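Working notes, structure below.
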Amino acid sequence: MHITGYRSHGVAAAVALVNAVTGSGDDDGPDALREILRANNFFWQDFQDHDAEAFQILGRALRPFFEATELAQAVEVLNDLMLETPMHPHLSGHDNLGLHLHYAPPSAKLPLRFRATTLMNLSAMVCEHGLGRSGVCAAEGCDRVYADTSRAGRRRFCSEACANRTNVAAFRARRRNNP
Ligand SMILES: [Zn+2]
Ligand SMILES: [Zn+2]
């Protein structure tokens, strides 16, 4: 189980949060946020309804990272956020998860723990791959973001649905041009 590397839950959780908060038609209410935490192995039980605002603020703040077309822009987004986030890295082996790094202070509440982990995981991804593993979905009319932590790393769409829709459209266009 990858816990501390950029392949850990932080990158996928950041993507889900940005899409929930800034994607058209997505739900960023407390229950939707709780589900994002649960699906990405964060301690969703600690989530209080009044935490929603802190998560929504982070989701909006992270969107420019995915929209960045220059590496320097993406680095600036992450650096600015990391500098205003209290960090206090320490090792923990709670809940039989094996030894792994926590980035927020031990006493930090869930929103800060989530913020610290997602920022560190996104930063590790950028150090290794630059902007090659994240972006805004390439499908027409889709504003959702994605990150690709697979080995191949060729992803350009937020979902299979968007990839398929785009491929079908390209196929039809080719047939129209070459009847
Ligand atoms: Zn932990
Ligand atoms: Zn899409």
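The values are calculated or read from the model by the stated rules, or taken from the named source; none is laboratory data. Because the structure is predicted, anything quoted here is derived from the model rather than measured. Counting neighbours? That spans all protein chains shown, and the Cβs are built from the backbone with ideal geometry, glycine included. The accessibility values were calculated without ligands, DNA or RNA, using every heavy atom of the protein model including side chains. Shrake-Rupley method; radii C 1.70, N 1.55, O 1.52, S 1.80 Å.
Residue-level check: of (1) in a helix (DSSP H, G or I); (2) under 16 Å from the mean Cα position of the chain (by Cα); (3) at positive phi, D95 misses just (2).
Return the residue satisfying two criteria in turn: it lies in the range 137-179 and is among the aromatic types (F, W, Y) and touching a helix residue (DSSP H, G or I) at 6+ places or on another chain (Cβ under 9 Å), and of such residues it is farthest from ligand 2 (Cβ to nearest atom). Restricting to residues being among the aromatic types (F, W, Y) and touching a helix residue (DSSP H, G or I) at 6+ places or on another chain (Cβ under 9 Å), the top hit is Y146. Tally time: how many residues in the range 137-174 are crowded, with 16+ Cβ neighbours inside 10 Å and assigned to a loop (DSSP other than H, G, I, E, B)? Residues flagged as crowded, with 16+ Cβ neighbours inside 10 Å and assigned to a loop (DSSP other than H, G, I, E, B) within the range 137-174 amount to 10. Can you find a residue in the range 101-116 that is away from ligand 1 (no atom under 16 Å from the Cβ) and small (G, A, S)? Checked the range 101-116: no residue is away from ligand 1 (no atom under 16 Å from the Cβ) and small (G, A, S).
Take the residues in the range 112-136 that are β-branched (V, I, T) and away from ligand 2 (no atom under 14 Å from the Cβ); name whichever of them is surrounded by the most Cβ atoms within 10 Å (Cβ to Cβ). Out of the qualifying residues, it is T118. If only residues of the range 66-79 that are of a type in the set (D, E, K, R) and farther than 13 Å from L122 by Cα are counted, the one that is least open to solvent (accessible area, probe 1.4 Å) is E67.
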